[in-house]
1. Of everything in segment 96-126, what is surrounded by 15 or more Cβ atoms within 10 Å (Cβ to Cβ), closer than 17 Å to residue 57 by Cα and out of contact with any helix residue (DSSP H, G or I) (no Cβ under 6 Å at 6 or more places or on another chain)? Give them in sequence order.
2. Which residues, taken from segment 65-92, are outside any loop (DSSP other than H, G, I, E, B) and under 21 Å from residue 137 (Cβ atoms)?
3. How many residues are in a loop (DSSP other than H, G, I, E, B) and within 14 Å of residue 32 (Cα to Cα) when one looks only at segment 52-64?
4. Is it the case that some residue within segment 53-69 is more than 23 Å from residue 102 (Cα to Cα), at pLDDT 85 or above and surrounded by 13 or more Cβ atoms within 10 Å (Cβ to Cβ)?
């Protein structure tokens with residue numbers, strides 16, 4: 001009985017992750033055919049190549065509406081314009097909407113000056129400023145100039161901090177490939193956990209604290225590599 005349950009679960013996961021599973025989602029089925037509208041066609045194309053699409057997150061998760069009906073009126077019930085303050089995709093509501101899934105990132109962002117500015121005046125950045133909406137990108141340190149400089153001067157310190165975080169990731173990727181060669185595999189797992197914590201804390205934009213934590217972790221990784229050679 002257990003074997004049947006496990007096999008059934010695997011099949012469900014496979015079906016959900018396949019393109020055919022989206023055939024039951026009216027948002028996807030209809031919007032992918034909207035070739036007459038450049039905006040809708042572009043939005044669908046961006047979503048299709050995003051991590052949200054690969055994880056099974058459809059339009060209704062952020063926009064609302066009903067993806068289980070192909071009646072256009074019923075499907076769009078509750079969907080509000082992004083200019084409507086009650087919309088989950090209204091500029092000031094974006095962090096709360098994204099935070100439904102990205103809980104820890106939201107907690108860190110709420111500690112930031114960016115969040116306070118967004119809440120007080122509506123002029124601060126939100127998640128889309130850095131990550132986009134449909135394409136869901138992650139900025140590299142070389143891209144900070146064009147994003148941060150919209151409000152700040154040249155983000156030298158932030159770029160350095162992000163570069164350090166990327167160096168940690170690169171070093172851990174090398175360690176991971178050689179993990180079988182090391183006796184203390186638990187240490188590598190610990191390094192990964194600390195790296196992910198730094199990633200989350202990036203959203204607080206406490207650049208000085210992030211830089212210190214990143215330098216400390218990178219130093220420990222390098223020392224670990226030397227001991228194991």
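The values are calculated or read from the model by the stated rules, or taken from the named source; none is laboratory data. Owing to the predicted nature of the structure, the values given are computational and were not obtained by experimental measurement. All Cβ positions, even for glycine, are placed from backbone atoms using ideal geometry, and neighbour counts span all protein chains on display.
1. The one that is surrounded by 15 or more Cβ atoms within 10 Å (Cβ to Cβ), closer than 17 Å to residue 57 by Cα and out of contact with any helix residue (DSSP H, G or I) (no Cβ under 6 Å at 6 or more places or on another chain): 102.
2. Taking segment 65-92 first, the residues outside any loop (DSSP other than H, G, I, E, B) are 72-75, 91-92.
Matches in segment 65-92: 91 only.
3. Residues of segment 52-64 in a loop (DSSP other than H, G, I, E, B): 55-59, 64.
Now narrow it down to the ones that are within 14 Å of residue 32 (Cα to Cα): 58-59.
So the answer is 2.
4. Kept after step one, since they are more than 23 Å from residue 102 (Cα to Cα), are these residues of segment 53-69: 68-69.
Filter once more, so that each one left must be at pLDDT 85 or above: 68-69.
Pick out the ones that are also surrounded by 13 or more Cβ atoms within 10 Å (Cβ to Cβ) and you get 69.
Yes: segment 53-69 contains one or more residues that are more than 23 Å from residue 102 (Cα to Cα), at pLDDT 85 or above and surrounded by 13 or more Cβ atoms within 10 Å (Cβ to Cβ).
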